[in-house]
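Just so it is clear, none of the values below were taken in a lab; they were calculated from the coordinates. None of these values were measured; they are calculated from a predicted model. Virtual Cβ from ideal backbone geometry, glycine too; neighbours counted across all protein chains shown.
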Amino acid sequence: MSLSQDEIRSLCTKPELALVVASQSPALEKLSLAELKKHASNTRKLTDKWQGLSRSQSRTESRKSGSPDLDSRSHAKQSLLKETLAKFEARLKVMESVPSVAPNTAKPTATVRAKAARVVRQTTKKDLHRTKQSINAVAAPASKVAPAPKAAATTAAKTTKKAKPKSAPVKKTTTTKAAATKAALVKTAAARAAKKGPAAAAAASKPAPAKAASTKVKSSTAAQRTQIAGKAKANRVAISNRTSNIAGHVSGKGKRVQAKRDSKGR
């Protein structure tokens, strides 16, 4: 039974039309084996459904007119779906006859993975052991010649130990030079004082009084005492880690509390 595409669209529902389109030439070859089986099963169900409906309608029509009605929509849809099922089944036979090797996508079990990991570890250990032996064999002759640098190092250490005491007299020379320069300065100062007179010489010979002793304690007034107290308080605040931000926060809080009190009185 040959029908046009417009007749097929007007005759079938959306799922039935999808099956008919899938059974046509370009799309049929692209279907996999699982899709073919699924489409064939759905088409078979629809074919049985419309075949039973078409037969019941033909019986009722034959009772009325004496001949079955083969031009009904049910009979046309049953014939279309039967052709579609035949196409799916033919393609399914072709797909099943071709031997296909399915790839082994199953994941290995835990025991298989453990065995493989054990083999890899054993081979790795053997390779590392071989490389270690080869490295030791190469390094063994070099270690026999190695003590020569140690002897050189010990001799260098001995020479450095012997050379260290020579640096001690340098300190003595520096101290003697400093003492000589100090004595020369004292002599020049005494000579200058002698030229100026006996009073200047006596003053030069006397030690200079300390600055703390020369400073006289002045009598403090009330303003000076308050200023000193303010400085002491500022020092205490700085020591107690009370910053200006904290002090500002405290004063601001007091102002806010006072403002609330004033607003209540209003």
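Some notes on this structure:
- For the residue pairs Lys82/Lys107; Lys38/Lys107; Lys231/Lys255, the alpha carbons lie more than 32 Å apart in Lys82/Lys107.
- Ordering of 249-255, 74-80 by packing [mean C-beta count within 10 Å, highest first]: 74-80, 249-255
- Placing +1 on the Cβ of every Lys and Arg and -1 on the Cβ of every Asp and Glu, with no other charges, gives the range 1-65 a dipole of roughly 380 debye about its Cα centre.
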